[in-house]
Amino acid sequence: MNTLLNKLDSPTRRRFVERCAAASLGLTIVPATQLVAGQSAGSKHAAFGKAKSVIWLMLSGGLSHIDSLDPKKGSSRGPAKAINTTADFQVTDFFPKFASVADRVCVIRSMEAKIGVHKPAQYYMRTAYEPRGTILHPNLGAWGSHYLGRSSKTLPSSVCVNRRSDQGNGFFPSSYAPLAIGDPNQGINNVSSIGSRSAARQRLALMNDLDAGFRRKFNDKGVNAYNGFYDDALALMKSKELKAFDLSEESEQRRLAYGDNSFGQGCLLARRLVASGVRFVEVKHDGWDHHKALADEMADVAPVFDQAFATLITDLEQRGMLDSTLVVVATEFGRKPKFDGDGRSHHPVCFSTALAGGGVKPGVVYGRSDTDGFYVDENPVSIGAFHASIAFAAGMEIEKPAMSPSGRPMTIGDGADPVLELFA
């Protein structure tokens, strides 16, 4: 249609509506209005649908597989030593706490990708599609909303911690975008600024009077996707479940166990959120781009991840939640095997990830890299297959395509099949 609003691209329309929402109610949160999901057809592998929630830990910068989950000997070896774990495989001594919970983890040492530049590689890891100028692709949280519906009556179905909400809903409605939490210690900002329920309803009524004509004139589905925004926001603001975002509800001992930093507190927040009904939570951890001073920088960043990850796995297990929660350790690519005593460059053709809980086989390694850690030597896993496997564990009917705005059928993982050998 030849209207001003429809000439705008999707991100622009989304920003426009978000600004209207912020101006009207003082909110920056995104609602969790979801579509009705499809039903599971017939019997599946035992792991299908076992993961009721997913915690996605994104190590941004490119985790060196050789210095973490796939230690090597010879010229590829870095500053770390290989150590034994509670499972039948080794990791490096940068990850001693990971080693203590390795019997609950499946390490994938045969990941393959084809993008070695940070921003597009992060997009690729989050969506399983290469960036294109004509379309935005959804992450797994948005796919879950499409296939499974909303996961809570009041809480959002998808949340991202320590990053913005871009690389979220893609071509799906804006209501599928994750709720962005910039600081896990602060939770949801600006909720108190709305005031009382009656005051908020008065502001809502005034806003509806002002923009009703605009919405009729510009009948765009991107705007219509926000029709339930304010009701959802009001419901969340007064809901008891809002306490899920408040880390002050946790004991000081528990908070310190995760680590006094944004990643550790983000992992604790993720555990609280999935326990309250949020389906997909990403927690981002920066600092893994080690071109130089790898030994010093790993000594700084690895303990933060190591402590939070081990505590998260143990906490979920003690609460009886690990079987129904899939914890994902992801990164955009690995690092080159060549080590000259300083650092390593980007290396997308072979790297490592890890999965725990949610029906995954515990205490095993899947796939193998070659002697130097340069190429995959056995059982390659593409980014698409990685996504398809996670979606399969979450109970999504991945063989059923969704239609893009251009009418192209699209699937989770860009048509890749799940790796069923990952699951018990």
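The residues of the stretch 62-116 that are among the polar types (S, T, N, Q), under 15 Å from Val364 (Cα atoms) and either touching a strand residue (DSSP E or B) at 6+ places or on another chain (Cβ under 8 Å) or buried (at least 16 other Cβ atoms within 10 Å of the Cβ) (or both), listed by number, are Asn84, Thr85, Gln90, Ser110. Considering the conditions (1) closer than 22 Å to Ala51 by Cβ; (2) within 23 Å of the chain's Cα centre (by Cα); (3) in contact (Cβ under 8 Å) with a residue 24 or more places away in the chain, Arg335 is excluded by exactly one of them, (1). So in the stretch 124-146, with the set limited to residues that are surrounded by fewer than 22 Cβ atoms within 10 Å (Cβ to Cβ) and hydroxyl-bearing (Ser, Thr, Tyr), which one is farthest from Val278 (Cα to Cα)? The extreme case among them is Thr134.
Evaluate the following for Ala299: is it touching a residue at least 24 places away in the same chain (Cβ under 8 Å), over 15 Å from Gly61 (Cα atoms), surrounded by 22 or more Cβ atoms within 10 Å (Cβ to Cβ) and small (Gly, Ala, Ser)? Give the derivation first.
Numbers: touching a residue at least 24 places away in the same chain (Cβ under 8 Å): yes; over 15 Å from Gly61 (Cα atoms): yes; surrounded by 22 or more Cβ atoms within 10 Å (Cβ to Cβ): no; small (Gly, Ala, Ser): yes.
Here the answer is no, as Ala299 does not meet what is asked.
Answer yes if at least one residue in the stretch 312-322 is within 18 Å of Asn185 (Cα to Cα) and either touching a residue at least 40 places away in the same chain (Cβ under 8 Å) or in contact with a Lys or Arg (Cβ under 9 Å, 6 or more places away or on another chain) (or both), and no otherwise. First the steps, then the outcome.
The initial filter retains those residues of the stretch 312-322 that are within 18 Å of Asn185 (Cα to Cα), namely 312.
Pick out the ones that are also either touching a residue at least 40 places away in the same chain (Cβ under 8 Å) or in contact with a Lys or Arg (Cβ under 9 Å, 6 or more places away or on another chain) (or both) and you get 312.
Looking for residues that are within 18 Å of Asn185 (Cα to Cα) and either touching a residue at least 40 places away in the same chain (Cβ under 8 Å) or in contact with a Lys or Arg (Cβ under 9 Å, 6 or more places away or on another chain) (or both), one finds at least one in the stretch 312-322, hence yes.
Looking across the stretch 250-291 at every residue that is among the basic types (Lys, Arg) and farther than 30 Å from Gly149 by Cβ, the one that is surrounded by the fewest Cβ atoms within 10 Å (Cβ to Cβ) is identified as Arg254. Leu355 - would you say it is in a strand (DSSP E or B), buried (at least 22 other Cβ atoms within 10 Å of the Cβ) and touching a residue at least 60 places away in the same chain (Cβ under 8 Å)? The answer is yes for Leu355. Taken together, Ser382, Ser404, Ser345 contain a single residue that is over 22 Å from the mean Cα position of the chain (by Cα), small (Gly, Ala, Ser) and either surrounded by fewer than 24 Cβ atoms within 10 Å (Cβ to Cβ) or farther than 29 Å from Gly78 by Cβ (or both), which is Ser345.
The listed residues are Ala424, Ala416, and the only one of them that is more than 29 Å from Ala257 (Cα to Cα), touching a Gly at 6+ places or on another chain (Cβ under 7 Å) and surrounded by fewer than 18 Cβ atoms within 10 Å (Cβ to Cβ) turns out to be Ala424. The number of residues in the stretch 101-130 that are over 24 Å from Val419 (Cα atoms) and free of Cβ contacts under 8 Å to residues at least 40 places away in the same chain comes to 2.
Readers should treat all values here as calculations from the given coordinates under stated rules, not as data from a laboratory. Everything numeric here is computed off the predicted structure, so don't read it as measured data. With ideal geometry, Cβ positions are generated from the backbone for all residues, glycine too; neighbour counts draw on all protein chains shown.
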